[in-house]
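Peer 1: One structure is given below, represented as structure tokens, and several questions about it will come after.
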Amino acid sequence: MVNELDEDDTVSIVVYAGAAGVVLEPTAGNENDAILDAIAQLEAGGSTAGGEGIQLAYQLAREQFIEDGNNRVILATDGDFNVGTSSEAGLIRLIEGGSQSPGQRNGGNVADAG
């Protein structure tokens with residue numbers, strides 16, 4: 001997927017193992033090496049603060065929002081949310097709330113958490 005991105009795309013990577021944090025600040029899609037290096041550094045471990053990670057991801061998405069663009073937050077997880085907001089219903093509310101942020105015209109996708 002990284003090789004399909006171009007300078008009009010922006011990618012950020014947020015992690016949420018133990019605590020949420022930004023691994024890749026907003027980066028142009030044509031900076032393949034930076035994106036791939038950030039992906040290569042990812043590893044599983046610790047507890048999963050999914051709610052905090054989702055909130056941080058939507059914060060970055062709002063800051064980088066492109067009017068009339070294809071704005072998305074993609075969640076990749078092992079599904080084991082065990083710190084902070086961890087119920088399926090609570091996580092879905094976070095996602096739905098983030099995807100309906102002011103300034104956004106289109107809703108986000110809610111993935112099946114089951």
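The values are calculated or read from the model by the stated rules, or taken from the named source; none is laboratory data. Since the structure is predicted, the reported quantities are computational estimates derived from the model, not experimental observations. Note that each Cβ is placed from the backbone with ideal geometry, even for glycine, and that neighbours are counted across all protein chains shown. Side chains are part of the model used for accessible areas, which takes the heavy atoms of the whole protein and leaves out ligands, DNA and RNA. Shrake-Rupley method; radii C 1.70, N 1.55, O 1.52, S 1.80 Å.
Peer 1: Using a 1.4 angstrom probe with every protein chain in place, what is the largest-first accessible-area order of VAL22, VAL11?
Peer 2: Per-residue accessible area, sorted high to low, gives VAL22, VAL11.
Peer 1: Between ASP8 and ALA28, what is the label-point separation in nm under the 7 Å Cα-to-beta-carbon projection?
Peer 2: 1.5
Peer 1: State the answer as a single residue: which of ALA40, ALA20, ASN3 lies farthest towards the positive end of the charge dipole of the stretch 1-71, with beta carbon charges of +1 for Lys and Arg and -1 for Asp and Glu, about the Cα centre.
Peer 2: With unit charges placed on the Cβ atoms, the residue in question is ALA20.
Peer 1: Each label point is 7 Å from the Cα along the Cα-to-Cβ direction; what then is the distance between the points at LEU36 and ASP68, in nm?
Peer 2: Roughly 3.4 nm, to one decimal.
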